[in-house]
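Engineer: Have a look at this one before I ask anything.
The values are calculated or read from the model by the stated rules, or taken from the named source; none is laboratory data. None of these values were measured; they are calculated from a predicted model. All Cβ positions, glycine included, derive from the backbone under ideal geometry; neighbour counts span all protein chains shown. Remember, those area values only see protein heavy atoms, side chains included, never the ligands or the DNA or RNA. Shrake-Rupley method; radii C 1.70, N 1.55, O 1.52, S 1.80 Å.
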Amino acid sequence: MMVVRNGEDYVGQCLSVIAPHVKRMKVAIDGRSNDKTGEIVFGLASQFGNIEISSFVVSNPMTDLVEMRNSQLVFHEEWGFIVDSDEYHQDIEKYQLGDEDAYGLQCWAVWNETHAHKQSSKINVGRFFRNYPDIVWKGQWGKEALFRGDKKVFEKPAMIPHRYIHFTHVKKDDWRSEMNQRRVADNKRLIRMPDDIIKTIKEIHHEKMPRLPRN
C-alpha cells in the first residue's frame, strides 16, 4: 500500500519490481500531484492488473494524508506491506515472513552514485504487518504510527535481513519542507554501497548521476 504525491521519478520502478510478488497493490494519489505520477500509475495498472488506484482531495495534509493511509487498511490478505514511492525493493523475492506480527527492514539511503547516508541507512523501518481488524493509523502526517489497540505495531518489529534502496535524499519532491518536517542530513556521514547496489542504481538512472541532495 502506497500514498504518493509527485513521485514520477521513482514510482514506476518501485511498483514494477513489487507487482509480480503481491496479490494486489493499493495506491492512493494525493490530488495535489502535478507531475506524471497519475499517468505512470494508471499505465502500470493496465500492465499488471493488480493495482487499485484512488485519488483524494487534500485540504489539510496533516490529517487528510493519514486518512488516506487508513482508507487502505480494508483488505482480506494476511499481510499488509507499506511502501513509499521512493523505495526500490530489489530483493523482494527473498523476503520471508514468519510467526511475528510485524517486520521491518533497513535501507541504503542513496546520497550519490556510490555512497549512502550512514545514519539514514541504519534506521529500522517497519514495512510488513499482519492484518487485524483493529489496526489504525494515528497521529499527524510524517509522524503517524500504525496502532493495534494502544500498542504501536512497529515498536519492535522483527527484522528481515535485506536492505531496500531508498531515494529519499535525491528524489525531486520534498513534501517534508512544506510541512516543516524536513529530514536533516549531511555528506560527512557516508558509507560506500556494495557493488551490486551501485550497479542497480546506475540501471535505474540509466547511467546518470542521481540529483545531488538539497543540503
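Engineer: Given the structure, is Lys172 open to solvent by 50 Å² or more (accessible area, probe 1.4 Å), at pLDDT 95 or above and out of contact with any strand residue (DSSP E or B) (no Cβ under 9 Å at 6 or more places or on another chain)?
Structural biologist: no
Engineer: Let me ask something else about it. Please go through segment 18-46 and give me each residue that is part of a strand (DSSP E or B) and open to solvent by 20 Å² or more (accessible area, probe 1.4 Å), ordered by number.
Structural biologist: Answer for segment 18-46, where residues must be part of a strand (DSSP E or B) and open to solvent by 20 Å² or more (accessible area, probe 1.4 Å): just Lys26.
Engineer: Within segment 98-118, how many residues turn out to be more than 15 Å from the chain's Cα centre (by Cα) and either hydroxyl-bearing (Ser, Thr, Tyr) or loosely packed, with under 15 Cβ neighbours inside 10 Å (or both)?
Structural biologist: The total comes to 5.
Engineer: Follow-up. Which of (1) more than 23 Å from Thr168 (Cβ to Cβ); (2) of a type in the set (D, E, K, R); (3) free of Cβ contacts under 8 Å to residues at least 60 places away in the same chain; (4) open to solvent by 70 Å² or more (accessible area, probe 1.4 Å) is the odd one out, the single condition Arg130 does not satisfy?
Structural biologist: (4)
Engineer: Just give me the residues in segment 25-42 being farther than 26 Å from Phe128 by Cα and either in contact with a helix residue (DSSP H, G or I) (Cβ under 8 Å, 6 or more places away or on another chain) or of a type outside the set (Gly, Ala, Ser) (or both), in sequence order.
Structural biologist: Arg32, Asn34, Asp35, Lys36, Glu39
Engineer: State whether one or more residues within segment 69-79 are open to solvent by 50 Å² or more (accessible area, probe 1.4 Å) and in a strand (DSSP E or B).
Structural biologist: Within segment 69-79, one or more residues are open to solvent by 50 Å² or more (accessible area, probe 1.4 Å) and in a strand (DSSP E or B).
Engineer: In the list Lys152, Lys138, which residue meets the criterion of being in contact with a strand residue (DSSP E or B) (Cβ under 8 Å, 6 or more places away or on another chain), basic (Lys, Arg), closer than 23 Å to Val66 by Cβ and free of Cβ contacts under 8 Å to residues at least 12 places away in the same chain?
Structural biologist: Within the list Lys152, Lys138, the selection yields Lys152.
Engineer: Does Phe154 meet the test of being assigned to a loop (DSSP other than H, G, I, E, B), at pLDDT 95 or above and within 25 Å of Asp30 (Cβ to Cβ)?
Structural biologist: yes
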